[in-house]
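Only one structure is covered here, and it is reproduced in the block below.
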Amino acid sequence: MRRQTQAVAARLEDELGEERFSFIDTCQADREELPRPDLPLTVGLDGGYVHSSAQRSRRDGWFEVIAGKVVPAQGPASCFGYVQTYDTKPKRRLFEVLKTHSMAANQQVTFLTDGGEDIRDIPCYLNAQAEHLLDWFHITMRITVMTNMAKSLHPPPLDPDVGLTSEVATKLINEVRDDLARLKWFLWHGNVVRALQTVDDLIIDLETLHPDDGPGKLLTAVREFDSYLRANAERIPNYGERRRAGEAISTAFTESAVNQVISKPIDRTTRRHAELVPVTVGQ
């Protein structure tokens with residue numbers, strides 16, 4: 001059964017078209033002449049790690065599989081997946097899945113990703129009407145981790161050379177905790193400018209505190225979050241407005257695709273087999 005499945009998948013893989021930088025082949029004037037499109041498509045992309053059959057220890061033999069789910073306004077959804085370090089046609093693969101849903105050149109498509117470097121640019125140039133958004137779950141998950149780290153902060157030992165008193169240190173710690181709450185509020189409302197200003201304030205306060213133990217780890221996390229926000233600033237919408245309008249703000253609906261594509265078909269398998277099997281998962 002596995003050999004037959006892999007043979008069919010290999011044939012489908014050979015029929016897949018060539019990879020392209022852009023799949024937009026119409027101009028704005030042509031798109032305006034098209035009939036009214038269907039309702040928007042929502043696409044979620046997420047990743048997970050699985051064991052390779054060549055694993056020799058607990059540390060090696062892992063590889064990442066990117067899984068996605070295309071959800072139309074009406075009709076059944078489709079799942080797809082690929083091995084991030086192996087696949088040479090990720091954009092083509094996603095475009096072909098969108099074509100199965102009769103995506104029109106003037107149809108709106110919403111892409112939701114975690115903002116990682118390995119997945120951030122895949123939806124680019126697939127549809128002229130597309131919007132690329134950062135998944136709210138991954139934002140709030142990072143803030144929650146930093147908030148929990150801030151709860152364990154305590155005033156550092158007094159250092160006469162620094163001149164940081166216990167009262168000042170306690171005030172800075174309280175400001176850090178308050179800023180993390182404000183940061184989440186700003187991002188929920190899509191206020192990226194104020195969010196970045198708040199991150200700058202956090203970095204200054206944490207640099208003022210003694211960098212040992214908790215503050216040092218938290219400072220590293222805040223700096224990483226600052227780079228994460230700046231790399232995805234243009235993909236952060238007003239999540240509150242989208243939520244009230246009933247629009248997607250999270251890739252939670254993709255979790256079923258991750259389980260379907262990763263957990264069941266390719267558990268304990270090779271990269272090549274993992275690359276082929278998800279192609280057959282379809283609708």
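Of note:
- Eligible lysines near residue 89 by straight Cα distance, threshold 18 Å, same-chain separation 8 or greater: 69, 99
- Partners of residue 171 within straight-line reach, counting lysines whose Cα lies under 18 Å from its Cα and excluding those fewer than 8 residues away in the same chain: 151.
- A straight chain from residue 86 to residue 238 at 0.36 nm per residue would run longer than the Cα-Cα distance by 51.2 nm.
- Order of 146, 1, 103 - criterion: other Cβ atoms within 10 Å of each residue's Cβ, fewest first: 1, 146, 103
- Listed from fewest to most Cβ neighbours within 10 Å, the set 49, 239, 82 follows the order 49, 239, 82.
- The gain in end-to-end length when the residue 129 to residue 208 segment is fully stretched comes to 23.8 nm, 0.36 nm per residue minus the alpha carbon separation.
- Listed from fewest to most Cβ neighbours within 10 Å, the set 234, 19 follows the order 234, 19.
Bear in mind these aren't lab numbers, they're just calculated from the coordinates by the rules spelled out. This structure is a prediction, so every number in the text was calculated from the model and none was measured. Heads up, the Cβs are rebuilt from the backbone with ideal geometry, glycines too, and the neighbour counts pull from every protein chain shown.
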